[in-house]
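These notes concern the structure reproduced below.
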Amino acid sequence: MAWSLLAVAVAAVALPVVLVGTAALGDVWRPSGDWAVLALRVSDVGNGSPLVGPYSRYGWNHPGPMLYWALAGPYHLLGREPVDLLFGTALLNALAFAGTLGLAWRRGRLPLVLLTGATLALLSQGLGPEVLRDPWNPYITLAPVALFAFLMWSVADGERWPVPIAAVVGSFLVQSHVGYAVLVIAMVTTTVAIVVLARRGANPEPPSDRLRHRRRRTGLVLATAVALGVCWGPVLVDQVAGSGNLTAMVEYFAGGDETTVGVPDAVGLAARNLTVPDAPWLGGDEPTVPDGGGLAPASATGLLPPVVAFGLALEAARRAGAGSAVRFQILVGVSVLAGIVATSRITGEPYSYLLRWWWVVAALFWLSIAWSAGNAAARWIALPRTANRAVTWSATALAVALLVNTGATTARAGSSADVPDGSLTAILGELVEPTVGALAGRGPLLVRATGSVWGTAGDGIRLELERAGIPVVADPDDAYRLGPQRSAEERPAAHTLWVVSADAATAWQARPEMELVAAWDPVDPLTRARYLVAVDSLQRQLIAAGEFDLAVNLAMGGDTRLAPEVPGVDVELLAQVEEIRRKGDPIALFLGPPV
């Protein structure tokens, strides 16, 4: 019966995630922005394989390429379609959840499996199908955080076989997003300390056991060293003979010129995520700061109830002699402290995607409390046999019902989930076919973007051109994002393909050196002509009032929220312009001479 319920728990948690990924295989997705770059780099695995990880907006890359490795298998095996990345991500998350439940079985058998399964099911429902199958590095790393925590717990409890696996999972987290380094290092350090203290307090081993254990440790060290060597070998090669990315990262973090979140706000953001029942991972709100758009911290006093609950559960487990539960709580508590440190060091605004990992940490936080409290109650409260059976079966039935219902909700939501940045998929669909038809055999093309969409559409065009067999190159200072083999210094461009948006998409058609390749506009030509006349009039009004930045933003599709407050601006005309702008900015592709 226990094994059957274990299978039910694994299926109820992992299968809906797989179904969410399977549903994506029927979608049409033309990635843009970060997702297009990710698809390019995954396609490079096996042919100019990346040595570093996803790019950062600060001019360096995250440490290593393991994210690309993880997705390359499904991507290449299923046909190299962009939606294969969504399926591969969902499969990776399902395996991480299944692995977590397998470790839960070893740590606490069926009770912990059901408790962990319910927690993961609620977490999956909170994340939603869009995140569960999103290959973006802030999201694809979420489920492995839970797996890594359980691997560390197993090692702290005296098991050694999880060490090489933990080395791989921890490397994946840090290489995919360097922000996990604080969390991973803190948990590894704590685990080592627990193991060392336990060994000091243990009775001396007999010589025969000592020799056998020494051989096992030697094998374990070798396996772990091989795993780390495979994971980090490319990173070291890049450091010595490539871009020196590790040095660039160290110099950036050592510079300290950027404004960081700081400890007070980091504590408030921790309180926002740890408070129940209105925590974001359970469906609670995530209010943002109006000006910057970053997450708004809660009051630090909100941490008091979670901290008290954590302390009481920890003390109860300690008094009851539940050493394993105590070790799990210690590891999770350290991860919370590490999370506060990591959050405090975020530069710029603490956007939601940068802090989504708090949802996993918060779920583990309350799971550890529940497990400690349950262990203490089971050891202190002696129920009659009949009552004990009734409680056990009732709790089991409730957990299974929660698992099945929540899993079904997640699976159903997958059928209507949108692809990442889906708004550009249809637009790129209008542009790609005429572009590929016109540019076949005319590469390498240097792709540049200008206007309101910045490089988002440009990256999508790069991907579609390469998928059609048309080579693309990038400006040398942009090659860190797309791979050094795509630098224009390595392959000179035959032409420059400009991805132009907003008003420039129309204005550039009058430039004789530019050949219009393809264009998309959400409004008809007559409406666009009237719009341009209105924009010209409004620009003159803004310039006359000294608001040059607002005049530029109006033409480039930027922020014009302050324009109605400027004296001399025709508010009604501005409202008409904004109504058209909300329908989307036009995009045009022009072929020009190499630069």
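Read the figures in this text as sums done on the coordinates, not as results from a lab. Every value quoted in this text rests on a predicted model; they were computed, and no experiment measured them. We place every Cβ from the backbone using ideal geometry, glycine too, and count neighbours over all the protein chains shown.
Each residue of region 498-509 is assigned a 3J(HN,Hα), and the resulting list reads 9, 9, 10, 10, 6, 4, 5, 4, 8, 5, 5, 5 Hz, derived from the Karplus form 6.51 cos²θ - 1.76 cosθ + 1.60 (θ = phi - 60°), x at Gly and Pro. Using θ = phi - 60° in the Karplus curve 6.51 cos²θ - 1.76 cosθ + 1.60, the 3J(HN,Hα) couplings for region 351-366 round to 5, 4, 5, 6, 10, 5, 4, 4, 4, 5, 4, 5, 4, 5, 4, 6 Hz; x is entered for Gly and Pro. The slack in the chain from Leu516 to Ala545, taken as 0.36 nm per residue of separation less the alpha-carbon distance, amounts to 6.9 nm.
Against the main long axis of the alpha-carbon atoms of the chain, helix 181-201 sits at an angle near 10°.
Specify the angular offset, from 0 to 90 degrees and rounded to the nearest 10, of the alpha carbon long axis of helix 323-344 from the longest principal axis of the alpha carbons in the chain. Tilt of helix 323-344: around 20 degrees. A Förster distance of 56 Å, applied to the separation of the beta-carbon atoms of Arg109 and Ala507, puts the FRET efficiency at 0.20. Sequence-ordered 3J(HN,Hα) estimates for region 103-112 from the Karplus curve with 6.51, -1.76 and 1.60 and θ = phi - 60° stand at 5, 4, 4, 5, 7, x, 6, 4, x, 6 Hz, glycine and proline given as x.
Helix 207-241 and the long axis of the chain differ in direction by around 10°, with both axes built from C-alpha atoms.
Ranked highest first by the average count of other Cβ atoms within 10 Å around their residues, in what order do 105-116, 396-407 fall? Working shown, then result.
On the way: 105-116: 20.2, 396-407: 17.3.
Descending packing order for the listed peptides: 105-116, 396-407.
Annotation: amide H of Ser487 within the under-5 Å range of Ala474, sequence separation 5 or more or interchain, hydrogens built in the peptide plane. In loop segments of region 436-490 as defined by DSSP, the trypsin sites (Lys or Arg not before Pro) with at most 16 further C-beta atoms inside 10 Å of their C-beta are Arg442.
With n ≥ 4 as the cut-off for DSSP H runs, can you work out [θ] at 222 nm for the chain, using -39500 (n - 2.57) per run divided by the number of residues, rounded to the nearest 500? If you can, show how the numbers build up before the last one.
Details: 22 runs with 380 residues, N = 595.
About -21500 deg cm²/dmol.
What distance in nm lies between label points placed 7 Å from Cα along the C-beta direction at Ala529 and Leu236? Reported label-point gap for Ala529 and Leu236 is 6.8 nm. Between the amide H of His495 and those of Leu446, distances stay under 5 Å, these residues lying 5 or more places away or on another chain, with hydrogens modeled in the peptide plane.
Short to long, the 5 Å bins of the Cα pair-distance histogram for region 278-377 hold 2, 12, 20, 22, 17, 11, 8, 4, 2, 1, 0 percent of all pairs. When peptides 186-196, 222-232, 128-138 are sorted by average Cβ neighbour count within 10 Å, with the highest value leading, the order is 128-138, 186-196, 222-232.
Matching the structure-derived P(r) over Cα pairs in 20 Å bins from 0, in percent against the labelled list [x] 16, 40, 34, 9, 0; [y] 15, 32, 26, 20, 7, 0; [z] 18, 47, 28, 7, 0 gives the label [z]. Stretching the chain fully between Asp475 and Ala426 yields a gain of 14.9 nm (0.36 nm per residue, less the alpha carbon separation). Packing, as the average of other Cβ atoms within 10 Å across residues, places the peptides 415-422, 562-569 in the order 415-422, 562-569, highest first.
Looking at region 486-529, which GluC sites (Glu not before Pro) are in a loop (DSSP not H, G, I, E or B) and have at most 14 other Cβ atoms within 10 Å? Don't skip to the answer; put the middle values down first.
Numbers: sites: Glu489, Glu490, Glu513, Glu515; in loops: Glu489, Glu490, Glu513.
Listed in order of number, the matching sites are Glu489, Glu490, Glu513.
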